[in-house]
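The numbers here are math on the coordinates, done by the rules we state, and not lab data. Since we're looking at a predicted model, the values are computed, not measured. Here Cβ is always computed from backbone atoms with ideal geometry, including for glycine, and neighbour counts include all displayed protein chains.
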């Protein structure tokens, strides 16, 4: 037995990116990402205010990998291992199919990383046997809306998630 950290499972690779399972070692990055102003505005406060909270947050995706075979993934540069954001598939009780979610640090936006990672995650969903992938986005989140449309998603309608008051755009893509 060695003390070396276990290598996380890679679910997709692109020319520039690696999309992989989150591990507790990713807690510092998660703490930064989920407290970014754009995350707080468009996704909401997840009460992650310490490294311990971040490790607790990571348990959700880790449990989803086992239970569902998919979840939220860390997106990193292949060349350096630098974490850029998250992108993955979620199964929400109030949606019929899995939906794609993504968030990147501001310094990592505008370089095509989100599009590249999201396209790889859509392909991953197809490989898992998914036929439809959904997405939800705040109506005022033009960046996410533009990305989803570029990826071939179409607006299917509006939805108000349970316990929420804000109406979101609901997107769908047949894969």
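Of note:
- Test: residue 153 is surrounded by 21 or more Cβ atoms within 10 Å (Cβ to Cβ) and closer than 19 Å to residue 85 by Cα: no
Residue-by-condition table, conditions (1) within 25 Å of residue 142 (Cα to Cα); (2) surrounded by 17 or more Cβ atoms within 10 Å (Cβ to Cβ); (3) in contact (Cβ under 8 Å) with a residue 40 or more places away in the chain; (4) in contact with a strand residue (DSSP E or B) (Cβ under 8 Å, 6 or more places away or on another chain):
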| residue | (1), (2), (3), (4) |
| --- | --- |
| 12 | no, yes, yes, yes |
| 24 | no, no, no, no |
| 27 | no, yes, no, no |
| 32 | yes, no, yes, no |
| 44 | yes, no, no, no |
| 50 | no, no, no, no |
| 58 | no, yes, no, no |
| 67 | no, no, no, no |
| 98 | yes, yes, no, yes |
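- Here residue 82 clears all of (1) touching a helix residue (DSSP H, G or I) at 6+ places or on another chain (Cβ under 6 Å); (2) free of Cβ contacts under 8 Å to residues at least 60 places away in the same chain; (3) closer than 24 Å to residue 16 by Cα except the condition numbered (1).
- Scanning the range 107-134 for residues that are touching a strand residue (DSSP E or B) at 6+ places or on another chain (Cβ under 8 Å) and either under 12 Å from residue 87 (Cα atoms) or assigned to a helix (DSSP H, G or I) (or both) yields 108, 113, 114, 116, 117, 118, 120, 121, 122, 123, 124, 125.
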